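The values are calculated or read from the model by the stated rules, or taken from the named source; none is laboratory data. This structure is a prediction, so every number in the text was calculated from the model and none was measured. So basically every Cβ, Gly included, is an ideal-geometry build from the backbone, and we count neighbours across all protein chains shown. Each accessible area value is taken on the protein alone, full model and side chains, heavy atoms only, with ligands, DNA and RNA left out. Shrake-Rupley method; radii C 1.70, N 1.55, O 1.52, S 1.80 Å.
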Amino acid sequence: MTKSRAAGAWSAAGVVLMAATFALPVTVEAQEPPAESWTVPRTPDGQPDIQGVWANNTATPLERPEILGDKATLTDEELARVEARYSQLFASGESDAAFADSVFVAALSDQESFSSRDATTGNYNQFWLVDRDFADNRTSLVVDPPNGRLPPLTPDAQRLVEVRSAHLADNPASSWTDRRLQERCITFGMPNLFAGYNSYYQIIQTPGHVVFLHEMIHDARIVPLDGPPHVDDAIRQWHGDARGYWDGDTLVVETRNFSPQADSPAALYTRVRGSADQLRLVERFTRVGPDTLRHELTVEDPGTYTASWTAMIPLARKDELLFEYACHEGNIGMEGILAGHRAEEREAASDAR
């Protein structure tokens, strides 16, 4: 690892995309074949061994940039140009930090430098972020729908987004409950789709359980295997209620019973892209090589999306330990946000007199 994994804020790139470079569609599906001489390792009780530390540092965006249309993959030459542009923009470490999909979008562009959308303060710089991985030539992690983009929201979900946005526009920090759950050190949601940002996981297996320890806010998911049925529908949790089983060499985890509390105006990114308490999440973990774990997830949520959607994330094996994510220690951000809004309220009250 050449860069550290630090905590920070969201940003996006304002870019001009090079449509001419990526004009022709490609329909070849990306594959992750095992090494020729490699076989799936097994635990002493015969389960496929998926233990270890795995990272999601892929540069592939969750959704395909609209400029790429139906182009599902880049050619090797196109991918090399995108990676070269990424190096030009970020190798020095002096640009604003680029998070999540903004890395790929910026690397598609012809811009000379990267700046965050926060023009007033900007982000800390790219030096503090891990290098992103361009080994995957797909243009989106979303594999279904075929356009590589999330399905439209339902009318009710769209209204909820508008209510949340209106609330935060008037009450950005009237209380700590107006702030996102990750700012309050509660959770980044599950699964965490925020690539390249403390997105490391340690998997531990026993004959009856699998544990997913997340580096981000040190969340731990303990999944019983072939255990009892899901808990009563009235019992709701931030990360839902998970049950797992082996389907051949693939670990299947079904999670339901997510907390409806995340429907509060503050909770814009707490669950799977805004999914609500009707969410059913099905994940499939398959080790396809000595250093690659294929993580496929399907989101079914009729209360939020007009159709289900599926994404595949290639997790890379790392010979590293997880960092302690001491979110609350020295977290002066929340104090500053609330104190700043109190000052704005006092100023507004003074101007009104």
Check your understanding: Short version: ³J(HN,Hα) in whole Hz for each residue of segment 102-109, in order, from phi by Karplus 6.51 cos²θ - 1.76 cosθ + 1.60 (θ = phi - 60°), x for Gly and Pro, what are they?
Key -> 5, 5, 5, 4, 5, 6, 7, 8
Practice item. For segment 143-148, just list the computed ³J(HN,Hα) in residue order, Karplus coefficients 6.51, -1.76 and 1.60, θ = phi - 60°, integers in Hz, with x standing in for Gly and Pro. Key: 9, 8, x, x, 6, x
Study note, to complete from the structure: Counting sequence-distant residues (5 or more places) and residues on other chains, those with an amide H built under 5 Å from that of THR58 are ASP133, GLY196
Check your understanding: Using the Cα gyration tensor of segment 184-265, with a ≥ b ≥ c the square roots of its eigenvalues, what is the shape: rounded (a/c below 1.5), prolate (a/b larger than b/c) or oblate (neither)?
Key -> oblate
Check your understanding: Taking H as built 1.01 Å from N, whose amide H comes closer than 5 Å to the amide H of VAL210, not counting residues under 5 places away?
Key -> VAL223, LEU225
**Study point:** Amide H contacts under 5 Å for GLN182, placed H, 5+ residues apart
**Key:** THR187
Check your understanding: Carbon and sulfur atoms: what percent of the 1.4 Å accessible area of segment 126-189 do they account for?
Key -> 59
Point to revise | Cα gyration tensor shape for segment 295-339, rounded if a/c is under 1.5, else prolate or oblate | key: oblate
Review point. If you plug each phi of segment 327-344 into the Karplus form 6.51 cos²θ - 1.76 cosθ + 1.60 with θ = phi - 60°, what whole-Hz ³J(HN,Hα) values come out, in order, with x for Gly and Pro?
Key: 4, 7, 6, x, 7, 8, x, 5, 4, x, 4, 5, 5, x, 5, 4, 5, 5
Point to revise | Charge context of ARG317, other residues only, Cβ under 11 angstrom, K/R +1, D/E -1 | key: -1
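Could you tell me the convex hull volume per residue, in Å³, taken over the Cα atoms of segment 57-98?
With only Cα atoms used, segment 57-98 gives 99 Å³ per residue.
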